Amino acid sequence: MNISKIVKPLYNQFLIQIHPDYFLGKQLARQANQEVVRISRIWLSAALKLEDKDIHKIAIPKENLEIYFRQNLNKTPSSTQKVEVDLKECIKDLEKISENNEIYLDISKTHEGYTIRNLPEFAGTTLFLLVLKKYKEALKEDSRQLAETISKFGEEYSKNIQADGNKNALRLNSKNKTIQKLRELRKKEEEKKKIDSKSENFDRILRNSELGFSPEIMESKKFSFGKTKNDIPGFNTKLDRNQIYFSKNVNPHNWVGILTELEKNLETLEYEKWYNLPVMIVEGWNEVYNSSGINRYPGFVIIPSRATINGNC
């Protein structure tokens, strides 16, 4: 099917009926039909080469398309009438045609209406024919031949795509893969947010705590568990490094040495009595309390990085 030979006469006939120059004294009708002609030219550009530049995507406005036409052309004066074409219905019909013929169209909704980002020849031509069909139906004209043309054009275009190596299916497959990757990335991001949220909630509890833990309180807290390593089934005296935190003042180059030294002295420090408490390694006691004497790390066992077993820092 040579679609240009079929569509061009239909377009010219439509243009004769609605050309804006026929409505010089009626500004509203003239402006409305200028927009109809502009949109029609863009839609048919890929098929009829009506525009100087190549059209790579098709834009469809969200408002109904208002088309003014003259009745009783052989009489003077002729009366002006208006037809409104629902472009949303045209989009639905286009989607149904493309689906029936296994043609994938990249249609997205925008603030201005809709955008079709691929196959401008098929999409634009079919849209024009659908608008023309609804226009004829509003005028109570026979549109059966036009409906048959639309149907055959969809079938022929689908065959051409398959003959060209099924490029459209490759586009669809590529798009599906991209969507799947985006979904996987979104799922990972949501899982990460959940983990970050739990950590943030824990940090908020510590920040909002009104308890000021002095060394004496921490010491009594440490022994309040009343258990020794012999009372804890399967207790492992190995240091749980997931519970260890370093303040920003502690040089990262010293972290390994500090942890190694701490692990050597777990038994002396009676680690089994405070193993399930978080530990904050600080540079010195002077950074633990602010100017008001409030502990910056409530809920933590505080250990200065230069502390010794006998309590010296």
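Here the peptides 107-114, 23-30 are ranked by packing, the mean other Cβ count within 10 Å, and the order with the highest first is 23-30, 107-114. Karplus-based coupling profile of the stretch 83-90, in residue order and whole Hz: 10, 10, 9, 7, 6, 5, 5, 5, with θ = phi - 60° in 6.51 cos²θ - 1.76 cosθ + 1.60 and x standing for Gly or Pro. Each Cα pair under 8 Å and six or more residues apart adds its separation to the average, and for the stretch 3-164 the resulting relative contact order is 22 percent.
Pairwise alpha-carbon distances in the stretch 3-164 exceed 22 Å for 42% of all pairs. The modelled label-to-label distance between I303 and R38, using points 7 Å beyond Cα along the C-beta direction, is 7.4 nm.
Summary of packing: across the peptides 245-253, 155-163, the per-residue average of other C-beta atoms within 10 Å ranks them, highest first, as 155-163, 245-253. Segment K96..S108, full-extension length gain: 2.8 nm, with 0.36 nm per residue of separation and the alpha-carbon distance subtracted.
Extension gain, L185 to N251, is 20.3 nm, computed as 0.36 nm per intervening residue step minus the present C-alpha separation.
Annotation: peptides 183-193, 116-126, 256-266, 292-302, ranked by per-residue average of other Cβ atoms within 10 Å with the highest first, follow the order 116-126, 292-302, 256-266, 183-193. Computed from phi, the 3J(HN,Hα) profile of the stretch 274-286 under the Karplus parametrisation 6.51, -1.76, 1.60 (θ = phi - 60°) reads 9, 5, 9, 9, x, 10, 10, 8, 10, 6, x, 5, 5 Hz, with x in place of Gly and Pro.
How would L129, L65 line up from fewest to most surrounding beta-carbon atoms within 10 angstrom?
Fewest-to-most ranking of L129, L65: L65, L129.
Using the Cβ-Cβ distance between K62 and Q243 with R0 set to 51 Å, the FRET efficiency from 1/(1 + (r/R0)^6) comes to roughly 0.30.
Only the coordinates and a few stated rules stand behind these numbers; no lab work does. What you see is a predicted model; the values in this text were computed from it and never measured. Glycine gets a Cβ as well: all are built from the backbone with ideal geometry, and neighbour counts include every protein chain shown.
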